[in-house]
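Single-structure report; data block below.
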Amino acid sequence: MNFRHLFLLSAAAVTPGALAADPQVDVRTSAGSIRLELYPAKAPKTVENFLQYVRDGHYNGTVFHRVIDGFMVQGGGMAANMQQKPTRKPIPIESKNGLKNEVGSIAMARTSDPNSATAQFFINVADNSFLNWGHPRGDGNGYTVFGKVVSGMDVVTKIAKTPTGPNDVPRQAVVIESVALVPDKK
C-alpha cells in the first residue's frame, strides 16, 4: 500500500472537521419553536433513545403535561387527552456525565427507579442542582441531562408561565406539534 495514501487517510480520520457535530432537533409547539442540541458523547444511550422516539414520530401530538414555573416543563409522554402513550423499554441512567440540570438543559424524566426513563423529558427553567448526580438534597442518582436549548428559550419560559390546574397540568394544552432532526450542514 502507498504510505502517502495511508497517511492521508489517517489524517482525515482524526481531523476535527471530520467528526459529526452534536445533533440538533427542532421542537415545534403551539407556543412556538425550540431548538435543542444533544450530546451523544456525554449520554450516548439517552440521546439514541430520544432520537429513536423522534424518528418514530412519538412526540408529535404529545403535550407539556407538567409545568412548574421556576422549576421545569415536562412533556413527551401524554397525548392531548392526557392518556399516556406506549413506550419502549426503559434505558439505564447516565446522570454521572458531568452535565448539569441548569437553565435550558434537557433531561430525562423518570420514576423513583433511576433506570426507568423512557420517552418523557423536561427542560429546566431554573438551576436545579438538587437533580444532579450525587447531590445530597436529591436521591443521589440524579436525572440524566443530555442536551440544551440553543434557541427558543423564550418559548420555554412562555410555556413555564402557562396557568395550570391540578397536578400542574396546563389549563390550555401546550401541544408538541412535531419534533424533527435538523439536517447536517454539509
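Taking the 0 to 90 degree range and rounding to the nearest ten, how far is the long axis of helix 3-14 tilted relative to the main principal axis of the chain, both from C-alpha atoms?
Tilt relative to the chain: about 10 degrees.
Could you please put 78, 72 in sequence from largest to smallest accessible area, using a 1.4 Å probe?
Numbers: 78 35, 72 5 Å².
Ranked from most to least accessible, the order is 78, 72.
Which value, in Å², gives the accessible area per residue of the stretch 64-105 when a 1.4 Å probe is used on the protein heavy atoms? Could the numbers behind the result be given before it?
Details: 2170 Å² over 42 residues.
For the stretch 64-105, the solvent-accessible area averages 52 Å² per residue.
I'd like the carbon and sulfur percentage of the solvent accessible area for the chain, probe radius 1.4 Å, heavy atoms only, ligands and nucleic acids excluded.
55 percent
From the helices alone, meaning DSSP H stretches of at least four residues, give me the mean residue ellipticity at 222 nm for the chain, per-run term -39500 (n - 2.57), in deg cm²/dmol to the nearest 500.
When only DSSP H runs of four or more count, the value is -5500 deg cm²/dmol.
What is the gain in length, in nm to one decimal, between residue 135 and residue 96 on full extension, counting 0.36 nm per residue of separation less the C-alpha to C-alpha distance?
This chain segment gains 12.9 nm when fully extended.
How high is the relative contact order of the stretch 12-149, given as a whole-number percent (alpha carbon pairs under 8 Å, six or more residues apart)?
Relative contact order, the stretch 12-149: 24 percent.
The values are calculated or read from the model by the stated rules, or taken from the named source; none is laboratory data. The structure displayed is predicted, hence computed values, not measured ones. These accessible areas exclude ligands, DNA and RNA; they are computed on the full protein's heavy atoms, side chains included. Shrake-Rupley method; radii C 1.70, N 1.55, O 1.52, S 1.80 Å.
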